[in-house]
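Engineer: Sharing a structure with you now.
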Amino acid sequence: MSLSFFECMMRPKLKLFILISLAIPIVVSSSNLSFDTPNSNITINDKAVEIFKGNRPLRSGTKRQSSLKKQNRLLSLFTIVKFDNEPCYSSSGDSGICMTSTECYQHRGVPIGSCANSYGVCCLSLSTCGQTIQENGTYFVNSGYPEGLNNTGTCQVTIHKLSPYICQFRLDFERFSIAGPEPVNHQCDNDQFIVSGSNPVPVICGLNTGSHMYVDAGTGTSPIILTMVTSGIFLKRNWKIKVSQIPCDSITKADTGCLQYYTGVSGTLKSFNYESSSGLHLSNQDYTICLRTERNFCSVQYSACDDQLNNRSHAFTLTGNTLGQNPVQANVGSVGSSPCNSDYLIIPCVSSKQGPVASGMNTCVDRLCGGTLNTDYSTIPTTVMSSVRPFRLSFHTNAVEMPNDMGNRGFCLNYIQQPCNANYT
């Protein structure tokens, strides 16, 4: 620089920062890089200078030119680093949001790694009983997490929208282990997970790690409340639920009326608390599962998941006594008919035939129940198919199991979308 240190100190109107480096980074994320200035044509560097100079307006004429020269010399000392608040992941697989360390502290988060070329931190935001969630990607965890919770009580968090343009909340159950239903009628009488403030969402319990829900955020500002009820001290509960806020124009937004929403050509669908060894399907369930129709795909085939723990598969057991290892016949019906009127899965116009169903030729059914996946009255499981779009399944259970229905697990189905030009044989 042309001025000596002594000369700089002697000039009362010159503000000079003695910098160790000639390229000191100003680190900002997209969430806090916003400017309110009447000078709409000011560039990002000019704005940074205005902030640095206390937002004082630049003077006109020769004084303005002189000021700009001083700014240019000043800007050569700074590098502005800007990055978006995007999802990031730690080496252990935990997901967070990339932000500055200051933001992470302000959001009560925990740094779990670095991001944005080490200019930011991957921030894991955790909320537990009595707290409020307003940041995307925040986790609702049990008190004392990651240790289990062994007590009787209620743990509740309140979710507020980030902005008026949020239409849905997605709840990902990365860990979900609470007491299951009682064994007689499969009611969640002990532990419960409750969603309130939205469209009706069924109460669930048991083991649901890996599952998810979409919750309607509504059009107003009313919050959504998540409540975990625990009863008894003989079980360590553990939950870690990721709360994602879905904008109204997002491609990840679920179709209206879908409690669960799956994307991709193939995947696996499970009823809540499905577990092949001891899980029981839950009573009082009534919800819809949706599959996004992928481009150039016109139908879906479903098959029961592998069951390595039982001599016969329990991957589709909705009605009947399925406690033993003897096969239980499939039962079918159409909407309004009587064979499947207590617990059932609706797949519109589903058939076991290998190919699209032609009107007046091959019949199709809508309701599936019993202890075997089939559209015929059979004890042999088969692959079933539906060409009705959009691809939706509806699951319904009533409040009673005993004495006719015993030991039913629910369902676990693998799905594969079929191309529109598929050659069925």
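Engineer: Leaving out ligands, DNA and RNA, what percent of the accessible area of the stretch 169-223 is carbon and sulfur, probe 1.4 Å?
Structural biologist: Working: 1120 of 2280 Å².
So the carbon and sulfur contribution to the accessible surface is 49 percent.
Engineer: Which value, in Å², gives the accessible area per residue of the stretch 175-307 when a 1.4 Å probe is used on the protein heavy atoms?
Structural biologist: Result: 42 Å² of accessible area for each residue.
Engineer: Then there's this: Using heavy-atom solvent-accessible surface (probe 1.4 Å) with all chains present, what is the largest-first order of L162, L393, L149? Walk me through the numbers on the way to the answer.
Structural biologist: Numbers: L162 85, L393 0, L149 25 Å².
Listed by decreasing accessible area, they come as L162, L149, L393.
Engineer: Quick one: Karplus J couplings for the stretch 103-117, per residue in order, coefficients 6.51, -1.76, 1.60, θ = phi - 60°, nearest Hz, x for Gly and Pro?
Structural biologist: Per residue, the Karplus-derived 3J(HN,Hα) values read 4, 4, 5, 5, 8, 6, x, 10, x, 10, x, 10, 7, 6, 6 Hz.
Engineer: Once you list every other residue whose beta carbon is under 11 Å from the beta carbon of N142, what net charge do they have if Lys and Arg are +1 and Asp and Glu are -1? Could you put the intermediate results ahead of the total?
Structural biologist: Working: positive: R175, K236, R237, K240; negative: E147.
Local charge sum for N142: +3.
Engineer: Whole-Hz Karplus ³J(HN,Hα) for the stretch 86-92, in order, using 6.51 cos²θ - 1.76 cosθ + 1.60 and θ = phi - 60°, x for Gly and Pro?
Structural biologist: Values, residue by residue: 9, x, 9, 9, 8, 5, 7 Hz.
Engineer: To continue, here is another question. Counting only protein chains, not ligands or nucleic acids, how are H186, H396 ordered by accessible area (probe 1.4 Å), most first? Walk me through the numbers on the way to the answer.
Structural biologist: Details: H186 0, H396 45 Å².
From most accessible down to least: H396, H186.
Engineer: Once you have a ≥ b ≥ c as the square roots of the Cα gyration tensor eigenvalues for the stretch 235-302, tell me rounded if a/c is under 1.5, and otherwise prolate or oblate according to whether a/b is larger than b/c. Mind showing how you got there, number by number?
Structural biologist: Working: a/c = 2.17, a/b = 1.39, b/c = 1.56.
Since a/c reaches 1.5 but b/c is at least a/b, the shape of the stretch 235-302 is classed as oblate.
Engineer: Compute the length gained on full extension between Y105 and Q156: take 0.36 nm times their separation in residues and subtract their Cα-Cα distance, giving the result in nm to one decimal. Don't skip to the end; give the middle numbers.
Structural biologist: Values: separation 51, 0.36 × 51 = 18.36 nm, distance 2.26 nm.
Using 0.36 nm per residue and subtracting the Cα-Cα distance, I get 16.1 nm.
Engineer: Using only alpha carbon pairs under 8 Å that are at least six residues apart, calculate the relative contact order of the stretch 72-220 and give it in whole percent.
Structural biologist: Details: 247 pairs, mean separation 22.6, N = 149.
The value is 15 percent.
Engineer: Work through the residues other than L226 whose Cβ is under 13 Å from its Cβ and net out their charges, Lys, Arg +1 and Asp, Glu -1. Walk me through the numbers on the way to the answer.
Structural biologist: Numbers: positive: R170, K240, K242; negative: D172.
Result for the local shell: +2.
Engineer: Relative contact order of the stretch 237-330: what whole-number percent is it, with Cα pairs under 8 angstrom and at least 6 residues apart? Before the final figure, lay out each step's value.
Structural biologist: On the way: 68 pairs, mean separation 20.4, N = 94.
For the stretch 237-330, the relative contact order is 22 percent.
Engineer: So who's got an amide H within less than 5 Å of the one on I133, skipping anything under 5 residues away but keeping other chains? H placed 1.01 Å off N, in plane.
Structural biologist: Residues meeting the amide H criterion: T158, I159, H160.
The values are calculated or read from the model by the stated rules, or taken from the named source; none is laboratory data. Model, not experiment: these values are computed from the prediction. In this analysis, Cβ positions are derived from the backbone assuming ideal geometry, glycine residues included, and neighbour counts consider all displayed protein chains. Side chains are part of the model used for accessible areas, which takes the heavy atoms of the whole protein and leaves out ligands, DNA and RNA. Shrake-Rupley method; radii C 1.70, N 1.55, O 1.52, S 1.80 Å.
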